[in-house]
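Presented below is the structure to which this report refers.
The values are calculated or read from the model by the stated rules, or taken from the named source; none is laboratory data. The model shown is predicted, which means the values in this text are computed figures rather than measured ones. All Cβ positions, glycine included, derive from the backbone under ideal geometry; neighbour counts span all protein chains shown. Quick note on the areas: whole protein, heavy atoms, side chains included, nothing else; ligands and nucleic acids left out. Shrake-Rupley method; radii C 1.70, N 1.55, O 1.52, S 1.80 Å.
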Amino acid sequence: MKNKLHTNDTHKNDTMRIAVIAIQGNVEEHIESAHKAMEDMGIRGEVLPVRHSGTIPTCDAIILPGGESTTLGRLMAREGIDIEIKEAAAAGKAIMGTCAGLVLLAKDGGEQVKRTGQKLLGLMDVSVDRNAFGGQKESFEIPLEISMLDSPYNVVFIRAPVITRVGPDVEVLASFNDKIVAARQGNILGLAFHPELTDDLRIHCYFLGMVK
Ligand code: GLN
């Protein structure tokens, strides 16, 4: 049984195009979840894996999967995808970053981000700490209250980051052990966990509801 998000926020357009940055990480899982969420919400459209520049400007929304944020950031810059994502954000297109994707969305980061000098997109007014759940808790799954969902969601953390600071325009959506793990700033959604690794489509449905 799939959990559905009951929302009036359905998309009015005929077709929707979602870009999934396909450089690293759980690309296939995100594509599948986005497809199923579209089906559930009665939205027609396509989900496109994106490795090069040129496609993002034709899309309505972007998903930035997990992986290794240093590598992802470097390869996105090499392909010119970073600029396209920034332009899409400025145009109000919906963008969801999960795990390493959240790191890349952030404005700045803690010691690890500073040490590696990695480039961030800076689209969310948040600071992040990478690999914030160390040791035996590197990977785990736990039910968590998320503010826009009416029952707990099983979140999967894999060497996850946390948000250590939020700016005034950022809405905190979920915390775990007093650490912020989900937040939204307008058209941008940042999650420390992996909604693509569960069968629960509510997060992807919520994201589709953000698409204009
Ligand atoms: N630890 C990775 C990073 O900071 C993120 C891990 C993930 O995306 N699963 O880039």
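What the phi angles of the stretch 103-108 give under the Karplus curve with 6.51, -1.76 and 1.60, with θ = phi - 60°, is a coupling list of 4, 5, 6, 5, 6, 8 Hz, glycine and proline written as x.
Here the chain is assigned +1 on the Cβ of each Lys and Arg and -1 on the Cβ of each Asp and Glu. Its dipole about the Cα centre then comes out at about 480 debye.
Less than 5 angstrom separates the built amide H of Ala19 from those of Leu48, Asp60, Ala61, Ile62, Ile63, all sequence-distant by 5 or more or on a different chain. Rounded to the nearest percent, how much of the accessible area of the chain (1.4 Å probe, protein heavy atoms only) is carbon and sulfur? Its accessible area is 46 percent carbon and sulfur atoms. Computed over the stretch 48-199, relative contact order equals 22 percent, with contacts defined as Cα pairs under 8 Å that lie 6+ residues apart. For n ≥ 4 DSSP H runs only, could you compute -39500 (n - 2.57) per run for the chain, divide by its residues and tell me the 222 nm figure to the nearest 500? It comes out at -7500 deg cm²/dmol, rounded to the nearest 500. Each residue of the stretch 184-193 was assigned a 3J(HN,Hα) from its phi angle through the Karplus expression (A = 6.51, B = -1.76, C = 1.60, θ = phi - 60°), giving 9, 10, x, 7, 10, 10, x, 10, 6, 10 Hz with x at Gly and Pro.
Counting only DSSP beta bridges with both residues in the chain, tell me the antiparallel percent, nearest 5. Walk me through the numbers before you get to the answer.
Details: 20 of 41 bridges.
In the chain, DSSP labels about 50 percent of beta bridges as antiparallel.
Backbone amide hydrogens, once placed in the peptide plane, bring Leu189 within less than 5 Å of Ile95, Met96, Gly97, excluding anything fewer than 5 places away on its chain. Excluding ligands, DNA and RNA, the accessible surface per residue across the stretch 84-212 is 41 Å² with a 1.4 Å probe.
Asp150 to Lys86: extension gain in nm, 0.36 nm per residue of separation minus the Cα-Cα distance?
Details: separation 64, 0.36 × 64 = 23.04 nm, distance 3.20 nm.
That pair, Asp150 and Lys86, stretches by 19.8 nm at full extension.
Among Leu144, Leu105, Leu72, the largest mean-square fluctuation in a Gaussian network model of the chain (Cα springs under 10 Å) belongs to Leu144. Summarising the label geometry, the points placed 7 Å from Cα in the beta-carbon direction at Gln24 and Ser139 lie 1.6 nm from one another. In order along the stretch 156-167, the Karplus-derived 3J(HN,Hα) couplings, from 6.51 cos²θ - 1.76 cosθ + 1.60 at θ = phi - 60°, round to 10, 9, 10, 6, 7, x, 10, 8, 9, 8, 10, x Hz, and Gly and Pro are given as x.
Separation of the stretch 125-144 and the stretch 106-123, taken as the distance between their Cα centroids, equals 16 angstrom. Taking 7 Å steps out from each Cα toward its Cβ at Thr58 and Thr15 produces label points 0.9 nm apart. Residues considered: Ser53, Ser33, Ser151. Largest GNM mean-square fluctuation over the chain, using C-alpha springs under 10 Å, is found at Ser151.
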